[in-house]
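The values are calculated or read from the model by the stated rules, or taken from the named source; none is laboratory data. These figures come from a predicted structure and were not determined experimentally. Glycine also receives a Cβ, built like all others from the backbone with ideal geometry; neighbour counts cover every protein chain displayed.
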Amino acid sequence: MGFISEFKAFALRGNIVDLAVAVVIGGAFGKIVSSLVDDIITPAILTPALKAAHLADLGQLVIPDTAIKYGNFIAQIISFVLVAFTLFIVIKAINTAKKKEDAAAAPAPPSKQEQLLTEIRDLLKK
């Protein structure tokens, strides 16, 4: 098997293509979640707190006479927690929808007639 054909077989395997699609979709989904957190949830939660502290953003929180910006660190922690919580809610909703779909797709139990015919068949085999 030549190098080119071996590479082609590797690159076009189903699971490699599926992984590539998952990475692209995951990146796009990550942007959606980040936008939700950065543009909607975080301002809704932090705006009242920042106004009470007379600050425009958390980046203004610094230790006096140093370059340590602990406000940025706090903002990143808040962002992480909000992203994780948002993803938890989204995944929980998806799993709930899948459970309902799986329950609806479950095969119906055999009818009384089918059960009786199965019993007769089993008795005849004996």
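Per the listing Thr42, Thr66, the residue uniquely surrounded by fewer than 12 Cβ atoms within 10 Å (Cβ to Cβ) and polar (S, T, N, Q) is Thr66.
Residue-by-condition table, conditions (1) loosely packed, with under 11 Cβ neighbours inside 10 Å; (2) over 30 Å from Val90 (Cα atoms); (3) at pLDDT below 80:
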position: Gly2; (1), (2), (3): yes, yes, no
position: Gly14; (1), (2), (3): yes, no, yes
position: Asp18; (1), (2), (3): yes, no, yes
position: Ile32; (1), (2), (3): no, no, no
position: Val37; (1), (2), (3): no, no, yes
position: Pro48; (1), (2), (3): yes, no, no
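Screening Ala67 on (1) over 27 Å from Gly26 (Cβ atoms); (2) assigned to a helix (DSSP H, G or I) shows it passes everything except condition (2).
Scan region 1-37 for residues that are within 30 Å of Ile77 (Cβ to Cβ), in contact with a helix residue (DSSP H, G or I) (Cβ under 8 Å, 6 or more places away or on another chain) and β-branched (Val, Ile, Thr) and the total you get is 2. Scanning region 79-116 for residues that are aliphatic (A, V, I, L, M) and in contact (Cβ under 8 Å) with a residue 40 or more places away in the chain yields Leu82, Val83, Leu87, Val90.
Any residue in region 103-111 that is at pLDDT 85 or above, surrounded by 10 or more Cβ atoms within 10 Å (Cβ to Cβ) and of a type outside the set (S, T, N, Q)? No, region 103-111 has no match at all. Remark: pairs (first residue in region 46-59, assigned to a loop (DSSP other than H, G, I, E, B); second residue exposed (fewer than 11 other Cβ atoms within 10 Å of the Cβ) and of a type in the set (Gly, Ala, Ser); Cβ separation under 9 Å; 6+ apart in sequence or on different chains) = Leu55/Ala49. Going by the conditions given, is Asp38 among the acidic types (Asp, Glu), part of a helix (DSSP H, G or I) and touching a residue at least 40 places away in the same chain (Cβ under 8 Å)? Considered against the rule, which asks whether it is among the acidic types (Asp, Glu), part of a helix (DSSP H, G or I) and touching a residue at least 40 places away in the same chain (Cβ under 8 Å), Asp38 comes out as yes.
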